[in-house]
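The values are calculated or read from the model by the stated rules, or taken from the named source; none is laboratory data. Computed from a predicted structure; not experimentally measured. Positions of Cβ are generated from backbone atoms using ideal geometry, with glycine treated the same way; all protein chains shown enter the neighbour counts.
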Amino acid sequence: MKYDITLDRIANCYYNLGLERARLRDLSGAAELLKKSLHYNKYQIDARNLLGLIFFECGETADALVQWIISNNLNPNGNIADEYLGEVQRKPAILRICTDNVKRYNQALLYAQTNNEDLAIMQLNQVIQDSPNYVKAHILLALLYMKRENWVKAGRSLYKVLKIDRNNPKALVLMDEVKQNTGRKEVEQSKLKNAFSHRKMTDDDVLIPQEVKEVSPWMVVVYILIGVVLALFTFNLLILPAKTRALNANNNQEVISYTDKLSIANGRITDLEEKCDELEKQYQEAAIQIQQFQNANESFMGQYRALTQINQAYESGDIVLAAQLYTGLDASQISDENLMSQYQNIKHIMESSVYQQLSDNATNAWNGGNQQNAAELYLLSVTIREEPENMFLLARLYQSMGRSEDANTLFDKIIGSYPESPYAERARSIRGY
C-alpha cells in the first residue's frame, strides 16, 4: 500500500510540473512530464486529459481523442474528457478535416522523400491552411524551404511553431541554423553584448559643472506660472484641435474599415454555409448509396451461401438437409442472373427426383413405426412439389396420428385442386361428400 501511495505522489508531482510547463507554452516539455506521470499512475485522469489538450493544440487530433477516450473509460463519472469528446462529436467536420490533413501530410512526406518538393510544399500549405496549429506540417515545410535555401520562409514557419510550442526542440535547432544563414544570430549577439557592457571612467573624463546663477524664490514662481500659461495656450490653440481632428479621422477610418471587413466576412459566411449545405447533401446521398450497396452485397452473399449449402448437402447425399435449406430459401429475393441460373438447376433437381426420394423415405419410416419422422419427410416432399399421392399419404398419416384437422385440410385441398385425380375420389369418400 505504501508503494502505491509513493507512485501516486510521484505521478502528481510530474503532473504539476507538466501543468506549469503548459502554462508557459512549453508544450513539448509538458508532454514529456505528463507521459512520466502516466507511467507511474495510468489512472491520473488530470494528466491524461491535459496531455490530450496538448496533442489537440499541436494539431494531433487523433492522439488527443485516444487520450480522452481512455480517460473516459477509466473514469466515466464527471470526467471533463466526456465534454471534450462531445465537443468534437458535435462538429464532425473537425474529424473529416483532421483525417484529410493526416493523409495530406503523409502524401507530402512521401513527395519530400521522392524529391517532389513542389508537390510536397503545395500539400503542406493546404494542411496548414486547414489546421494552422499542425506543428509537424510547419516543421516539414521549414525543412523543405531550408533545403531550397529560402531562409526567410523557413524562419516564418519555425516562428509559428515556437508561438505554439515555445521550446519545441526540433524548431529551436532549425531556427538556430536559419539565424546563422540570415545573419540574425550575429545581430542578436551584438545587441546582447552592448546591453550588458559598460566603460570605466578614465582620468580624462572630467565632469564640468555648469555656471549656476542665483534666482530669487519669487522669480521662480513667476517663471513657473508663465510657463504653465504658455503651455495651456499652446495646447488649446495648436495641439488640441489637431489631436481632435486626427482622432475623428482615425475613428471614421476604423469604422469604415470594420464595416468593409464585416461585409466581406458576412459574404464569406454565406458562401461557406451554402457550400456546407451542398457538401452535407452530397454526403447524405453518398451514405445512402453506400448503404444500398452494402445491403445488396449482403443479400447476394447470403443467397450465394444458401445455394452453395444446398448443393453441398445434395452432393453429400443428405437430401433432407438439402430439402430443408431449399424450402427455406426465398427465390423472389434473387436478382442476380448467375444465382438465378444456379437456383433453377437446384429447383429442377428438387422437383424431379428429390421430392419423390423424400416421399419414399417417409413411407419407409411410416412402415418402421416412426410416424413423426415420416410426417416431416412427407411435408418436405409436398412443400417442394404438390402431388396428390404424397398429399393423400400425408393426410392419412395425420389421421393415424390423431391430427384430424390437418388431415381434413389436405383432403379438401386434393378435392379442390386436383378434382380429376383418383386420390380426389378417395378423399371425397373419406370426407363423406
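Points worth noting:
- When restricted to residues that are farther than 17 Å from Thr383 by Cα, outside any helix (DSSP H, G or I) and among the charged types (D, E, K, R), segment 301-338 contains 2.
- Single match in Phe293, Phe300 (criterion: at pLDDT below 85 and under 30 Å from Ser353 (Cα atoms)): Phe300
- Odd one out for Ile349 among (1) in contact (Cβ under 8 Å) with a residue 24 or more places away in the chain; (2) over 60 Å from the mean Cα position of the chain (by Cα): (2)
- Members of segment 412-433 that are more than 22 Å from Arg385 (Cα to Cα) and assigned to a loop (DSSP other than H, G, I, E, B): Gly432, Tyr433
- Hits in segment 360-398 (condition: of a type outside the set (Lys, Arg), in a loop (DSSP other than H, G, I, E, B) and within 20 Å of Ser421 (Cα to Cα)): Glu386, Glu387
- Odd one out for Trp68, checked against (1) at pLDDT below 85; (2) within 23 Å of Asn12 (Cα to Cα); (3) not β-branched (Val, Ile, Thr): (1)
- Unmet criterion (only one of (1) in contact (Cβ under 8 Å) with a residue 24 or more places away in the chain; (2) surrounded by 15 or more Cβ atoms within 10 Å (Cβ to Cβ); (3) assigned to a helix (DSSP H, G or I)) for Ala62: (2)
- With respect to the stated conditions, Ser381 is under 60 Å from the mean Cα position of the chain (by Cα) and either surrounded by 16 or more Cβ atoms within 10 Å (Cβ to Cβ) or over 23 Å from Ser352 (Cβ atoms) (or both).
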